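Here the structure comes first, spelled out in structure tokens, and everything after it is commentary.
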Amino acid sequence: MNGDAVGSALRIPRIVIAGVSSHAGKTTAVVAVAAALAARGLKVALFKCGPDYLDPTYHARVCPKGSHNLDGWMMGRDAVLATFARAAEGADIAIIEGVMGLFDGASPSGEEGSTAEIAKWLGAPVVLCVDASGMARSIAAVGLGFASFDPAVSVKGMICNRVGSRSHLDILKKACRTPIVVGGFPKMPELHFPERHLGLRTADENAVPEAHFAAWADLAREWLDLDTFLAMAGLAAPLDVASTDVEAAAPAICRIGIARDEAFHFYYEDNLARLRQSGAELVPFSPIHDPVLPDVDGLYIGGGYPEAHAAELSSNESMIRAIRSFAESGRPVYAECGGMMYMASAIVLLTGERHSMLGIIPGVVEMRDKLVALGYVEVEAQSDSFLGPAGARFRGHQFRYSEFQPDSSVELEHLYRVRRRRGGDVFDEGYRVNNVLASYVHVHWASNPLVAESFVRNCVVGKSKDPVPA
């Protein structure tokens, strides 16, 4: 590594690729640049500002180590720096993708939760993505405005997306001298990444072929000044990091099954690292394709798109029996958002089709054609659970197009008291049946590191229970 990550100054070159707004082409620019630099033989570490779990799936297609979220509100400064230091270890350059516009965050009047906040904490220069279609000299006003809005944020360059031609890009370069235009990308609708709901679809190979990533890497080499980009990243000052917070994996004392397939794949990598550090061996399994569960002591079923694969999930009857038996054994089962939908009795699609699910949490999930919930939340546990004691607090995020309709004939226990970051309204959530906990909240455990430790500790207790029948 270019510097010691623990207890000293971190000297890795790093740069933030931010946007003027959402849909400015940040993810495309990040994966294109990362793939082009990797082709030069450089080791690239990738990060995503904010709570998004879709864009990192694109990062993972060009970065073998995957991508880590850096969220100021959910994690706090120390955990952001520690996660960055740990995940960037061994890399030649770190690239951080922004969220929304550069200065957009949890508040309309402050920088909390914004890309700008993360750029300051990391001491990282910023390259700004702009949709430059139909723009000429006005690019200078955009660049000057962003560069001067907060002098503590170092906006060094601009990437002009959706340009009409080489001559159009030349005009933009001549018009904007500060910050400089390091290049751009032409309009390539045939290479656009597919979108779903508010953002990109997940980057599975069925949705985005490998050839798309190779093509964007070629375009980055042709249309961007990568040497200048690298020079800008090298301007980052040494970063003082006290510790890596999440250390290397501890010797395994339990095994936790992680649902990983087309239906379930939204996980904060930092959460998984904290489980490993606490002594968990993480064992992937597929609720769609595998006939039975692996030999594990706990289950973690994360978010995803179970509604898009409801028929396949419903038809895998042997897996349904296996998870039901596992839940009945009393071992810990933690289900988030898509995982919670899978725990319900059924999912009802927009077409009216109804597909039976696990039936562990009595009630039906109904899909909606409009956004039901979006934003940060803070959770307080109302009673003891495998995630920790009553009164434990942690932070997370909601993003969903579905509603859970509980079975009115059954009294469900609510473990969570949830407060929305915006608006402050409070509601009960977090459904518990036996030792199964299901919630729409995607929790980031950096907000309370004891959560991962408690989960692992309770999985160790589960090892003493009778084996689950196949």
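Six or more apart or on different chains, Cβ atoms under 8 Å: show the pairs whose first residue is in segment 314-337 and in contact (Cβ under 8 Å) with a residue 40 or more places away in the chain and more than 20 Å from G430 (Cα to Cα) and whose second is in a helix (DSSP H, G or I) and β-branched (V, I, T).
Short answer, once both residue conditions are applied: S314/I320.
If you go through segment 76-89 one residue at a time, how many are under 26 Å from T28 (Cβ atoms) and either touching a Lys or Arg at 6+ places or on another chain (Cβ under 6 Å) or of a type in the set (A, V, I, L, M) (or both)?
Number satisfying all stated conditions: 3.
Here are some conditions: (1) modelled with pLDDT under 90; (2) closer than 30 Å to D369 by Cβ. D261 meets all but one. Which one does it not meet?
It is condition (1) that D261 fails.
For A346, state whether it is open to solvent by less than 20 Å² (accessible area, probe 1.4 Å) and in contact with a Ser or Thr (Cβ under 6 Å, 6 or more places away or on another chain).
yes
Scan segment 267-312 for residues that are open to solvent by 20 Å² or more (accessible area, probe 1.4 Å), outside any loop (DSSP other than H, G, I, E, B), farther than 26 Å from A79 by Cα and aliphatic (A, V, I, L, M) and jot them down.
Once the filter is applied, which keeps residues that are open to solvent by 20 Å² or more (accessible area, probe 1.4 Å), outside any loop (DSSP other than H, G, I, E, B), farther than 26 Å from A79 by Cα and aliphatic (A, V, I, L, M), segment 267-312 yields A308, A311.
Report yes if some residue within segment 408-431 is in contact with a Leu (Cβ under 7 Å, 6 or more places away or on another chain), open to solvent by 40 Å² or more (accessible area, probe 1.4 Å), at pLDDT 95 or above and under 18 Å from V365 (Cβ atoms); otherwise report no.
no
Do the conditions hold for G50, that is, is it open to solvent by 10 Å² or more (accessible area, probe 1.4 Å), of a type in the set (G, A, S) and on the phi > 0 side of the Ramachandran plot?
Answer is no for this residue.
Would you pick out the residues in segment 155-179 that are assigned to a strand (DSSP E or B) and either open to solvent by less than 60 Å² (accessible area, probe 1.4 Å) or modelled with pLDDT under 95 (or both)?
Listed by number, the residues that qualify are V155, G157, M158, I159, C160, N161, R162, V163.
Go through segment 99-117 and give me each residue that's farther than 15 Å from I15 by Cα and among the charged types (D, E, K, R).
Hits for segment 99-117 are D104, E111, E112.
Can you find even one residue in segment 13-29 that is over 23 Å from V443 (Cα atoms), in a helix (DSSP H, G or I) and of a type in the set (G, A, S)?
Yes, there is a match, as at least one residue in segment 13-29 is over 23 Å from V443 (Cα atoms), in a helix (DSSP H, G or I) and of a type in the set (G, A, S).
Would you be able to tell me the number of residues in segment 64-85 that are more than 13 Å from A119 (Cβ to Cβ) and surrounded by fewer than 21 Cβ atoms within 10 Å (Cβ to Cβ)?
Matching residues across segment 64-85 total 5.
Only one of these is out of contact with any helix residue (DSSP H, G or I) (no Cβ under 7 Å at 6 or more places or on another chain) and surrounded by 22 or more Cβ atoms within 10 Å (Cβ to Cβ): G101, G25. Name it.
Matching residue, one of G101, G25: G25.
Confirm whether R354 is touching a helix residue (DSSP H, G or I) at 6+ places or on another chain (Cβ under 8 Å), farther than 19 Å from I301 by Cβ and not small (G, A, S).
no
Looking at segment 385-400, which of its residues are surrounded by 17 or more Cβ atoms within 10 Å (Cβ to Cβ), not in a strand (DSSP E or B) and not aliphatic (A, V, I, L, M)?
Correct list: F386 only.
In segment 86-98, which residues are among the charged types (D, E, K, R) and open to solvent by less than 20 Å² (accessible area, probe 1.4 Å)?
E97
Pairs under 8 Å by beta carbon, first residue farther than 21 Å from Y53 by Cα in segment 338-351, partner of a type in the set (K, R), six or more apart or different chains?
Once the first residue is farther than 21 Å from Y53 by Cα and sits in segment 338-351, its partners that are of a type in the set (K, R) give A346/R354; I347/R354; V348/R354; L350/R368.
List every residue pair whose Cβ atoms sit under 9 Å apart, with the two residues 6 or more apart in sequence or on different chains, where the first one lies in segment 456-470 and is under 17 Å from A322 (Cα atoms) and open to solvent by less than 50 Å² (accessible area, probe 1.4 Å) and the second, anywhere, is of a type in the set (F, W, Y) and modelled with pLDDT of 75 or more.
Close Cβ pairs (under 9 Å, with a partner that is of a type in the set (F, W, Y) and modelled with pLDDT of 75 or more) amount to G462/F386; V468/F326.
Of all residues in segment 352-384, how many are in contact (Cβ under 8 Å) with a residue 12 or more places away in the chain, at positive phi and open to solvent by 30 Å² or more (accessible area, probe 1.4 Å)?
Residues that pass the stated criteria total 1.
Applying the selection to segment 313-332, what residues are open to solvent by 20 Å² or more (accessible area, probe 1.4 Å) and of a type outside the set (S, T, N, Q)?
Those that are open to solvent by 20 Å² or more (accessible area, probe 1.4 Å) and of a type outside the set (S, T, N, Q): E317, R321, R324, E328.
The values are calculated or read from the model by the stated rules, or taken from the named source; none is laboratory data. Because the structure is predicted, anything quoted here is derived from the model rather than measured. Virtual Cβ from ideal backbone geometry, glycine too; neighbours counted across all protein chains shown. Please note that ligands, DNA and RNA were not included when accessible areas were found on the heavy atoms of the full protein model with its side chains. Shrake-Rupley method; radii C 1.70, N 1.55, O 1.52, S 1.80 Å.
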